[in-house]
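What follows draws every value from the coordinates through simple rules; no lab data is involved. The structure presented is a predicted model; accordingly, all values stated were derived computationally and were not measured. Cβ coordinates were reconstructed from backbone atoms using ideal geometry, including for glycine residues, and neighbour counts include every protein chain displayed.
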Amino acid sequence: MTTTAARPAAPPRPLPDEDSREYWAALREHRITLQACTSCNRRRFPATPSCPYCAHPEWSEEEAAGTGTVYSYIVVHRAFDAAFAADVPYTVATVDLDGGGRMVARMDTTPAIGARVAPDFVDHPEWTELRFRDQETA
């Protein structure tokens, strides 16, 4: 016997935790914030309780423009969740941000390594998603 589960109408909503709450709140305002270590001054993503570089537990919140350079990318051909099945193939890029820090987010195009990108905010009913787009189209 085969059963088919109903496909969700929208991507799953993120569940912010104590460390990521500020990031998700800023995205709702179309702003990007990152944690910056108060000891080594490195910016990090995703948010963590302490610095992954020096283990210092204190950090400050910094706003980032969201522009940067594509470090790497993959094209997803098999959805990891049924909510994304209609989207395949889609691209996920790792971007070195201007001012420091590295983020991962979707792109609507397949970039070249080293391509300049800018942020794009996709509003869902209860949350906002960050994507990157080619800077020429920004």
Based only on other Cβ atoms within 10 Å, what is the fewest-to-most ordering of T33, T38? T38, T33
Out of all DSSP beta bridges with both ends in the range 18-138, state the antiparallel percent to the nearest 5. 95
Given points 7 Å out from each Cα along the Cα-Cβ axis, report the A85 to D123 separation in nanometres with one decimal. 3.0
If you stretched the chain out fully between A25 and S50, how much longer would it get, using 0.36 nm times the residue separation minus the C-alpha to C-alpha distance? 7.0 nm
Going by C-beta contacts inside 10 Å, put V117, V104, V75 in order with the fewest on the left. V75, V104, V117
Cα atoms only: what Rg and Dmax, in Å, come out for the range 17-64? 10.3, 31
Derived scalar couplings ³J(HN,Hα) [the range 124-130; Karplus, 6.51 cos²θ - 1.76 cosθ + 1.60; whole Hz; x for Gly, Pro]: 10, x, 10, 7, 10, 9, 8
Checking the range 87-138 for GluC sites (Glu not before Pro) in a loop per DSSP with at most 10 other beta-carbon atoms within 10 Å yields E126
Table column - 3J(HN,Hα) (Hz), the range 51-61, Karplus curve with 6.51, -1.76, 1.60, x for Gly and Pro: 5, x, 9, 10, 6, 5, x, 9, 8, 10, 9
Over the C-alpha atoms of the range 64-124, what are the Rg and the largest Cα-to-Cα span, Dmax, in Å? 12.2, 36
When only Cα pairs under 8 Å and 6 or more residues apart are kept, what is the percent relative contact order across the chain? 21
Please state the charge dipole magnitude for the range 48-120, taken about the Cα centre, from unit charges on C-beta atoms (+1 on K and R, -1 on D and E), reported in debye and rounded to the nearest 20. 380
Could you give the length gained on full extension between S39 and V75, defined as 0.36 nm per residue of separation minus the Cα-Cα distance, in nm? 9.3 nm
Taking a temperature of 10 °C and a viscosity of 1.306 mPa s, what whole-number D in µm²/s does Stokes-Einstein yield for the chain with Rh from Kirkwood over alpha carbon pairs? 98
